[in-house]
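Asks: I'd like to ask some things about the structure below.
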Amino acid sequence: MKSLKFPTAHTVLFIIAALVALLTWVLPSGEYDRLSYSEEANEFLRTGKSEGKFPASQETLDEFGIKIPLENFTSGSIWKPIGIPGTYHKTVSKPQGFLAFFQAPLKGIIESIDIILFVLILGGMIGVVHSTHAFDSGVASLSNLLKGKEFWLIIIVTCLMAAGGTTFGLSEETIAFYPILVPVFLAAGYDAIVALSCIFIGSSIGGLGGTTNPFSVIIASDAAGINWLLGVNGRLIMLISGTLICLWYILRYAKRVKGNPELSVIYDQKEEIEAAFLNKKGREIKHLTLKQKIILVIFTSCFVLMIYGVSSLDWWFLEMTTIFFVGAVLIGIVGQVGEKKFVRAFVSGANDLLSVALIIGIARGITVLMENGQVSDTLLDAGSGLVSDMPKGVFINMLYFVYMGLSLFIPSSSGMAVLTMPIFAPLADVVGIGREMIVNTYIYGQGLLAFINPTSMILASLTMINVGFNKWLKFVWPLVLILALLSMLFLTAGVYLS
């Protein structure tokens, strides 16, 4: 029994994909009719069991029971087809067989190629920086600077990640921070779990307490037909409370493992991880040279520019990838890295993150199976029927669990918002609560599951530090339980006090 080991992240995702494929053989296929807006023709297009073209007017939306202002469509806030309430119908069964199962990860890679390319180019730039030894010298200097004040590193990084998560949905972009921050945390005397926690838990609690996140809060509010500022006070209190709890949890663990490394949940990997991130070849680390300082400034500036572009300039993965590609070239020039050495370093760095890139594609493949098998709407219809006739206190908490369940199959925050809000938001009117509570329930439910959701970013993040999913679960499950109880308390209080 001792020889049995927890499977890799890739295998975990393949197991989930296999279960989803089997699910398409058990669950009936079905879908809601969809309504989309055509800007060119200025009209609504209905597809599904009933098809047709309709005037782009509020009367059309009212007729279909979609209580969303017309300007949310015409302004481009809602750009995906939305489900029309009450139109769910069964379709011809589309079970996903062996061929579909094996094609799903390949299709997932194709559909997420922008994220994958971002990860590989980032890895290439990191490889070039490593070739200049700027990281090693920089980490040594920073660890000397932080002696006796290492706990501030935890507070600052966690709060910055939470700020990014709550404002502009910092998630996939966090992959870029592991190579630079993990060595700093290790040099400060912590383990890699502390570094992972500050980055991943920080961004995740920011997502759970989303305030201005355009990919969850604003899209969901638009799809629910309300102003995104409704419910923001509750989400802000949730953000502050959740962040304080997460900081307490991380600092408590960090203090324990710093004083007694044997208590680390990954103590058996201590030497392996330190060899991977700290001074790989055992060479003597020298003080930072002027050239290395300039390289680190360029490296850091790429992240600052990325964050500014995403939050203020509507940049996305093409622009972010371009930043790191240009950054790699500039670092090669400043570091006087020869052409052959540059190519070798770039390819080696990209190869180091190839495993992460594949995980992202495989996870997207699970969604492909769901969509092709047409069982997403079946699960949505079942969830809607489950919670529709309950007292509002029970209703909101049951919907919370429904959202957590749906998030396992639909990890995209914007996809979940557009898919579910037109169906679930009208239930608020029936139960007698504000629609902002449905939006908050969606944010809290999906946000909480993100801490442990294999189809979200956690497996890719764990692969960055070569830690197994089982060890992460062992570390994080008490925190998840605390945050779940806190979310349920806030939701219950919200429906009775609003």
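Asks: Of the residues GLU111, GLU40, which is open to solvent by 60 Å² or more (accessible area, probe 1.4 Å) and closer than 24 Å to LEU380 by Cβ?
Replies: GLU111
Asks: Sticking with this structure for a sec: State all residues of the range 10-51 that are aliphatic (A, V, I, L, M) and either in a loop (DSSP other than H, G, I, E, B) or closer than 14 Å to ILE84 by Cα (or both); if no residue qualifies, say none.
Replies: LEU27, LEU35, ALA41, LEU45
Asks: Among the residues of the range 418-437, is there at least one that is buried (at least 22 other Cβ atoms within 10 Å of the Cβ) and within 17 Å of the chain's Cα centre (by Cα)?
Replies: So far as the range 418-437 goes, no, none of its residues is buried (at least 22 other Cβ atoms within 10 Å of the Cβ) and within 17 Å of the chain's Cα centre (by Cα).
Asks: Just give me the residues in the range 447-498 being assigned to a loop (DSSP other than H, G, I, E, B) and open to solvent by 30 Å² or more (accessible area, probe 1.4 Å), in sequence order.
Replies: ILE452, SER456, ASN466, SER498
Asks: Let me ask another. Could you give me the residue pairs with C-beta distances under 8 Å whose first residue belongs to the range 232-256 and is within 19 Å of TRP472 (Cβ to Cβ), whose second residue is outside any helix (DSSP H, G or I) wherever it lies, and which are 6+ apart or on separate chains?
Replies: Close Cβ pairs satisfying both conditions: GLY242/GLY209; ALA254/TYR190.
Asks: Run down SER264, SER171 and say which single residue is over 30 Å from ALA417 (Cα atoms) and open to solvent by 10 Å² or more (accessible area, probe 1.4 Å).
Replies: So the residue among SER264, SER171 that is over 30 Å from ALA417 (Cα atoms) and open to solvent by 10 Å² or more (accessible area, probe 1.4 Å) is SER264.
Each row is one residue, and each column tells you yes or no for (1) β-branched (Val, Ile, Thr); (2) modelled with pLDDT of 90 or more; (3) in contact with a strand residue (DSSP E or B) (Cβ under 8 Å, 6 or more places away or on another chain).
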site	(1), (2), (3)
ALA21	no, yes, no
TRP25	no, yes, no
GLU40	no, no, no
GLY48	no, no, yes
PRO55	no, yes, yes
ILE66	yes, no, yes
PRO69	no, no, no
ASN72	no, no, no
SER77	no, no, no
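Asks: Residue check: is LEU459 out of contact with any strand residue (DSSP E or B) (no Cβ under 6 Å at 6 or more places or on another chain) and at pLDDT 95 or above?
Replies: Criteria not met by LEU459.
Asks: So how many residues does the range 381-401 have that are open to solvent by 20 Å² or more (accessible area, probe 1.4 Å) and of a type in the set (A, V, I, L, M)?
Replies: 5
Asks: Given the condition among the polar types (S, T, N, Q), farther than 26 Å from ALA425 by Cα and in contact with a Phe, Trp or Tyr (Cβ under 9 Å, 6 or more places away or on another chain), answer yes or no: does some residue in the range 294-311 qualify?
Replies: The answer is yes, given that some residue of the range 294-311 is among the polar types (S, T, N, Q), farther than 26 Å from ALA425 by Cα and in contact with a Phe, Trp or Tyr (Cβ under 9 Å, 6 or more places away or on another chain).
Asks: For the range 407-417, which residues satisfy the criterion of being open to solvent by 10 Å² or more (accessible area, probe 1.4 Å) and either of a type outside the set (Ser, Thr, Tyr) or farther than 16 Å from LEU208 by Cα (or both)?
Replies: Of everything in the range 407-417, those that are open to solvent by 10 Å² or more (accessible area, probe 1.4 Å) and either of a type outside the set (Ser, Thr, Tyr) or farther than 16 Å from LEU208 by Cα (or both) turn out to be LEU408, PHE409, ILE410, PRO411, GLY415.
Asks: PHE54 passes all but one of (1) part of a helix (DSSP H, G or I); (2) farther than 28 Å from VAL368 by Cβ; (3) of a type in the set (A, V, I, L, M, F, W, C); which number fails?
Replies: (1)
Asks: Same structure, new question: Among the residues in the range 270-285, are any in contact with a Ser or Thr (Cβ under 8 Å, 6 or more places away or on another chain) and part of a loop (DSSP other than H, G, I, E, B)?
Replies: Yes: one or more hits.
Asks: Out of (1) of a type in the set (Ser, Thr, Tyr); (2) within 27 Å of GLY361 (Cα to Cα); (3) touching a Lys or Arg at 6+ places or on another chain (Cβ under 8 Å), the odd one out for THR167 is which?
Replies: (3)
Asks: Which residue is nearest to ILE68 (Cα to Cα), if the candidates are limited to the range 210-258 and must be in a loop (DSSP other than H, G, I, E, B) and of a type outside the set (Gly, Ala, Ser)?
Replies: For the range 210-258, the residue satisfying everything is ILE226.
Asks: Under 8 Å between Cβ atoms, at least 6 apart or on separate chains: pull out the pairs that start in the range 288-313 with a residue that is farther than 19 Å from SER131 by Cα and end on any residue that is β-branched (Val, Ile, Thr) and open to solvent by less than 30 Å² (accessible area, probe 1.4 Å).
Replies: Sorted first by the residue in the range 288-313, then by its partner, the pairs are LEU305/ILE323; MET306/ILE323; GLY309/ILE323.
Asks: Checking GLY207 against (1) in a loop (DSSP other than H, G, I, E, B); (2) open to solvent by 10 Å² or more (accessible area, probe 1.4 Å); (3) not β-branched (Val, Ile, Thr), only one condition comes out false. Which one?
Replies: (1)
Asks: Might you check whether a residue that is under 24 Å from LEU473 (Cα atoms) and β-branched (Val, Ile, Thr) occurs anywhere in the range 158-170?
Replies: There is at least one residue in the range 158-170 that is under 24 Å from LEU473 (Cα atoms) and β-branched (Val, Ile, Thr).
Asks: Taking into account only those residues within the range 276-319 that are aliphatic (A, V, I, L, M) and modelled with pLDDT of 85 or more, which is nearest to MET161 (Cα to Cα)?
Replies: Of everything passing the filter in the range 276-319, LEU305 is nearest to MET161 (Cα to Cα).
Asks: Out of the range 57-67, which residues are assigned to a helix (DSSP H, G or I) and surrounded by 13 or more Cβ atoms within 10 Å (Cβ to Cβ)?
Replies: GLN58, THR60, LEU61
Asks: OK, next. What about ALA162, is it open to solvent by less than 10 Å² (accessible area, probe 1.4 Å), farther than 22 Å from HIS130 by Cα and either free of Cβ contacts under 8 Å to residues at least 60 places away in the same chain or part of a helix (DSSP H, G or I) (or both)?
Replies: Taking the combined requirement at face value, the residue satisfies it.
Asks: Pick out the one residue from LEU479, LEU406, LEU459 that is of a type outside the set (S, T, N, Q) and within 20 Å of LEU247 (Cα to Cα).
Replies: Just one listed residue meets the conditions, LEU479.
Asks: Could you list all residues from the range 45-75 that are farther than 30 Å from SER29 by Cβ and in contact (Cβ under 8 Å) with a residue 24 or more places away in the chain?
Replies: Within the range 45-75, PRO69, THR74 meet the criteria.
Asks: Report the residue count in the range 180-199 for those that are assigned to a helix (DSSP H, G or I), closer than 17 Å to GLY468 by Cβ and open to solvent by 10 Å² or more (accessible area, probe 1.4 Å).
Replies: Number of matching residues: 0.
Asks: Moving to a separate point now. Restricted to the range 125-146, and to residues that are assigned to a loop (DSSP other than H, G, I, E, B) and more than 23 Å from GLY202 (Cβ to Cβ), which residue is modelled with the highest pLDDT?
Replies: Among residues in the range 125-146 that are assigned to a loop (DSSP other than H, G, I, E, B) and more than 23 Å from GLY202 (Cβ to Cβ), the one modelled with the highest pLDDT is THR132.
The values are calculated or read from the model by the stated rules, or taken from the named source; none is laboratory data. Since the model is a prediction, treat every value here as computed from it, not as a measurement. Cβ coordinates were reconstructed from backbone atoms using ideal geometry, including for glycine residues, and neighbour counts include every protein chain displayed. Surface areas here come from the heavy atoms of the whole protein model, side chains and all, with no ligands, DNA or RNA. Shrake-Rupley method; radii C 1.70, N 1.55, O 1.52, S 1.80 Å.
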